[in-house]
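Enquirer: After the structure tokens below, expect a handful of questions from me.
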Ligand code: GUN
């Protein structure tokens, strides 16, 4: 059996086109500020792609760069300025931040209504409470792919591998809200193979290349691979792979997301969606004022 490939690029294009249409109908241009501290090469690529995608949806997007030795005070001062800027609807601080910077303190400084990453404890708490919230982009995008592949996963035996604040924990909340039966595991889970073999939906965000083997997967299961790992390609270069042994998994799974081309493009599309949502909220606020 060959798994159906879930084409994240095509679905992301659809979402981005819809955001662009909705932006065109707004009375003012939404604004997105992207903050990059230091020069982590992967973060530079992510930030460039985010700014480029925002601009192509006619979102006014500005990249703010601070040096790797910027102080916490400098970062907080920039965030305070962006919080007060009426042209900025969304603020994103690319993670990880350099060593010595308290990431939670920085995230908490962002106006929760401009928190398009959904990382602020206000939004984290609202999501956990089942209230409307800004939902983190990667989990939101992964849920769209799950809906596309199998519909609402109500009652579906689901294994979430990875419990980060950015992906695993919020995604488990979204799956629970949809009625899925969710087991949380991570890279240190001792009997991971056994857990995987019980799941009809396997979602992996552990950051370990090839962690999930094809032989562990239940025939016909849906596999959502959120890992983005750079590994040597054996020819002196490198390539990007996920957390799932892809070729093996394709032989067994019912549907699977490729890496690259699966969840990655959805993260960016959902950032644009969240920026549009933040802009609408601000418009509602200023009308009410
Ligand atoms: N680093 C890795 N993923 C993300 C993300 O979704 N948002 C931000 N701000 N930083 C990240």
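Enquirer: Quickly run through region 14-33 and pick out the residues that are under 19 Å from the mean Cα position of the chain (by Cα) and either touching a residue at least 60 places away in the same chain (Cβ under 8 Å) or part of a strand (DSSP E or B) (or both).
Expert: Once the filter is applied, which keeps residues that are under 19 Å from the mean Cα position of the chain (by Cα) and either touching a residue at least 60 places away in the same chain (Cβ under 8 Å) or part of a strand (DSSP E or B) (or both), region 14-33 yields 15, 16, 19, 32, 33.
Enquirer: Count, please, the residues in region 38-56 that happen to be crowded, with 17+ Cβ neighbours inside 10 Å and either at pLDDT below 95 or in contact with a strand residue (DSSP E or B) (Cβ under 8 Å, 6 or more places away or on another chain) (or both).
Expert: Total satisfying the criteria: 5.
Enquirer: Could you look through region 146-195, keep only residues that are touching a residue at least 60 places away in the same chain (Cβ under 8 Å) and within 16 Å of the ligand (Cβ to nearest atom), and pick out the one that is surrounded by the most Cβ atoms within 10 Å (Cβ to Cβ)?
Expert: Of all residues in region 146-195, those touching a residue at least 60 places away in the same chain (Cβ under 8 Å) come to 146, 148-150, 161-162, 166.
Going one step further and asking which of them are within 16 Å of the ligand (Cβ to nearest atom), we end up with 162, 166.
On the way: 162: 24, 166: 18.
Across region 146-195, the extreme among qualifying residues is 162.
Enquirer: Under 8 Å by Cβ, and 6 or more places apart or on different chains, what pairs join a residue from region 134-145 that is over 12 Å from residue 117 (Cα atoms) and free of Cβ contacts under 8 Å to residues at least 60 places away in the same chain with one that is more than 11 Å from the ligand (Cβ to nearest atom) and in a helix (DSSP H, G or I)?
Expert: From region 134-145, the pairs are 143/171; 143/174; 143/175.
Enquirer: Please list, ordered by residue number, the strands (runs of 3 or more DSSP E) wholly in region 185-289 having 3 or more residues that are in contact with a helix residue (DSSP H, G or I) (Cβ under 9 Å, 6 or more places away or on another chain).
Expert: 201-204, 222-225
Enquirer: Specify which of the listed residues (263, 259, 203, 212) is surrounded by fewer than 24 Cβ atoms within 10 Å (Cβ to Cβ) and at pLDDT 95 or above.
Expert: Going through 263, 259, 203, 212 in turn, the sole match is 259.
Enquirer: Let me ask something additional. Of all residues in region 56-79, which are out of contact with any helix residue (DSSP H, G or I) (no Cβ under 7 Å at 6 or more places or on another chain), away from the ligand (no atom under 16 Å from the Cβ) and under 19 Å from residue 282 (Cβ atoms)?
Expert: Within region 56-79, just 60 meets the criteria.
Enquirer: Being touching a strand residue (DSSP E or B) at 6+ places or on another chain (Cβ under 9 Å) and under 22 Å from residue 265 (Cβ atoms) narrows it down to one of 192, 140, 175, so name that one.
Expert: 175
Enquirer: Under 19 Å from residue 99 (Cα atoms) and over 21 Å from the mean Cα position of the chain (by Cα): which single residue out of 76, 36 fits that description?
Expert: 76 is the lone residue from the list that is under 19 Å from residue 99 (Cα atoms) and over 21 Å from the mean Cα position of the chain (by Cα).
Enquirer: Tally up the residues in region 128-140 that are more than 10 Å from the ligand (Cβ to nearest atom) and in a loop (DSSP other than H, G, I, E, B), please.
Expert: Total satisfying the criteria: 7.
Enquirer: Could you grab me the full set of residues in region 84-94 that are touching a strand residue (DSSP E or B) at 6+ places or on another chain (Cβ under 7 Å), more than 13 Å from the ligand (Cβ to nearest atom) and within 21 Å of residue 105 (Cα to Cα)?
Expert: 88, 89
Enquirer: Looking at (1) more than 15 Å from the ligand (Cβ to nearest atom); (2) more than 26 Å from residue 29 (Cα to Cα); (3) crowded, with 16+ Cβ neighbours inside 10 Å, which is the one condition that is false for residue 125?
Expert: Unmet condition: (3).
The values are calculated or read from the model by the stated rules, or taken from the named source; none is laboratory data. Nothing here was measured: the structure is a model prediction, and the numbers come from that model. Reconstructed Cβ throughout: ideal geometry from the backbone, glycine too, with neighbour counts over all protein chains shown.
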